[in-house]
Amino acid sequence: MIGRLGLGLAIAALAATPGLAKDTAPRTDPTAETLHVVQDGETLAGIANRAEVPRVLIIEANHLKMPYAVKAGQKLVIPRRVNHTVKPGETTFDIAMDAGVPWDQIAAANGLKPGAKIKPGQKLVIPTLAGNAAMIPSPTISTDPPNGLPDTVAPAFAWPLQGKVRRGFSMPVGTNPGHEGIDVLGAEGTAARASAAGKVIFAGQGPDEYGLTVIIYHSGRWTTTYSYLGKITVKEGDKVKAGERIGLVGHTGLASEPQLHFEIRRNKLALDPARYLKLIAQKTAPIVR
């Protein structure tokens with residue numbers, strides 16, 4: 001016969017074992033929940049099973065530490081997911097940028113290694129965090145904020161690099177694809193700095209034309225992109241302050257000389273950076289269109 005203390009220890013041991021714990025707390029549509037308040041008797045494994053979300057994603061979303069115990073009343077962000085079918089010619093960079101989710105998190109959600117190759121027709125699940133400023137909302141140009149995220153005003157963007165603007169922003173016209181950002185000349189190895197505070201959601205080799213690239217998520221629907229870098233000095237997941245170095249000027253991608261390609265996007269739509277950059281002492285020649 002097990003004493004009360006022994007019984008308590010046995011129950012605790014079961015609760016700490018993934019897949020063995022009994023979770024009896026009733027939930028309402030757990031597969032749609034984005035914020036969960038832990039009830040008495042619940043375990044992380046049980047919450048993950050009911051939410052149909054891999055336990056590792058809940059752990060990462062809430063920065064939980066081993067042994068990943070949860071307690072009644074604790075609030076957990078539940079990462080939700082959308083389905084995606086890889087298109088011909090689509091890269092992991094394209095998918096991460098379109099979804100606004102770092103590729104390493106997408107890879108983890110699909111049981112892939114970060115460096116794994118993808119192929120057309122492959123089915124992927126894209127994790128998203130509703131209401132969490134660490135992630136970009138799902139790509140759409142709707143006027144309604146996706147996933148309940150507010151459509152905030154633009155951050156106070158600052159110049160990421162002081163120098164001559166070699167090429168300005170232009171809209172696509174006819175067969176002319178346009179130019180989705182500005183190119184600022186700078187000496188090789190000069191620091192490229194975050195235009196505003198935010199979180200790094202991509203840091204690595206972008207499409208061939210972009211070269212080494214960093215993408216920062218700011219707030220609401222706003223992101224900035226820094227390309228042609230010679231070196232990246234941040235990593236995915238880093239939180240950066242306005243003016244913090246994120247890389248060094250180089251001439252990767254299409255750059256024929258040291259420069260920085262810089263983009264401002266609202267919900268994936270490229271906007272003219274000249275409309276948003278602070279009017280600070282930018283010692284440059286007029287922007288070349």
Filtering segment 173-206 down to residues that are small (Gly, Ala, Ser) and not in a loop (DSSP other than H, G, I, E, B) yields Ala191, Ala192, Gly198, Ala203, Gly204
Over segment 47-74, the set of residues modelled with pLDDT of 90 or more and of a type in the set (D, E, K, R) is Lys71
Say whether the condition of being at pLDDT below 90, more than 19 Å from the chain's Cα centre (by Cα), more than 20 Å from Val153 (Cβ to Cβ) and polar (S, T, N, Q) is met by at least one residue in segment 267-283. yes
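Hey, among Lys71, Lys117, which residue is free of Cβ contacts under 8 Å to residues at least 24 places away in the same chain and part of a loop (DSSP other than H, G, I, E, B)? Walk me through how you get there before you give the answer.
Numbers: Lys71 fails: free of Cβ contacts under 8 Å to residues at least 24 places away in the same chain.
Only one candidate passes the filter, namely Lys117.
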Condition set at pLDDT below 95 and in contact with a Leu (Cβ under 9 Å, 6 or more places away or on another chain), scope segment 184-211, selection surrounded by the most Cβ atoms within 10 Å (Cβ to Cβ): answer is Gly206
Worksheet item: Do we have any residue at all in segment 34-44 that's out of contact with any Pro (no Cβ under 9 Å at 6 or more places or on another chain), under 23 Å from Val125 (Cβ atoms) and assigned to a helix (DSSP H, G or I)?
Response: no
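If the requirement is being acidic (Asp, Glu) and closer than 25 Å to Lys164 by Cα, which of these qualifies: Asp208, Asp238?
Details: Asp238 fails: closer than 25 Å to Lys164 by Cα.
Checking each option against the conditions leaves just Asp208.
Residue by residue, here is whether (1) in contact (Cβ under 8 Å) with a residue 40 or more places away in the chain; (2) among the basic types (Lys, Arg); (3) in contact with a Ser or Thr (Cβ under 8 Å, 6 or more places away or on another chain) holds:
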position	(1), (2), (3)
Gln205	yes, no, yes
Glu209	yes, no, no
Val214	no, no, yes
Tyr217	yes, no, yes
Gly230	yes, no, yes
Gly237	yes, no, no
Ala242	yes, no, yes
Val249	yes, no, yes
Of the residues in segment 46-63, those that are touching a residue at least 12 places away in the same chain (Cβ under 8 Å) and either more than 19 Å from Ala108 (Cα to Cα) or under 19 Å from the mean Cα position of the chain (by Cα) (or both) come to Gly46, Arg50, Val53, Pro54, Val56, Leu57, Ile58, Ile59, Glu60, Ala61, Asn62
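Confirm whether Gly41 is modelled with pLDDT of 80 or more, surrounded by fewer than 16 Cβ atoms within 10 Å (Cβ to Cβ) and closer than 14 Å to Ala72 by Cα.
Details: modelled with pLDDT of 80 or more: yes; surrounded by fewer than 16 Cβ atoms within 10 Å (Cβ to Cβ): yes; closer than 14 Å to Ala72 by Cα: yes.
Considered against the rule, which asks whether it is modelled with pLDDT of 80 or more, surrounded by fewer than 16 Cβ atoms within 10 Å (Cβ to Cβ) and closer than 14 Å to Ala72 by Cα, Gly41 comes out as yes.
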Exactly one of Lys199, Lys235 is basic (Lys, Arg), in contact with a Gly (Cβ under 8 Å, 6 or more places away or on another chain), under 30 Å from Gly115 (Cβ atoms) and outside the structural domain of Ala107 (by TED's automatic domain parsing), and that residue is Lys199
Selection over segment 189-218 where residues are of a type in the set (Lys, Arg) and out of contact with any strand residue (DSSP E or B) (no Cβ under 7 Å at 6 or more places or on another chain) yields a count of 0
Counting only residues that are part of a strand (DSSP E or B), modelled with pLDDT under 85 and either more than 16 Å from the chain's Cα centre (by Cα) or exposed (fewer than 15 other Cβ atoms within 10 Å of the Cβ) (or both), segment 78-112 contains a total of 2
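The values are calculated or read from the model by the stated rules, or taken from the named source; none is laboratory data. The structure presented is a predicted model; accordingly, all values stated were derived computationally and were not measured. Note that each Cβ is placed from the backbone with ideal geometry, even for glycine, and that neighbours are counted across all protein chains shown.
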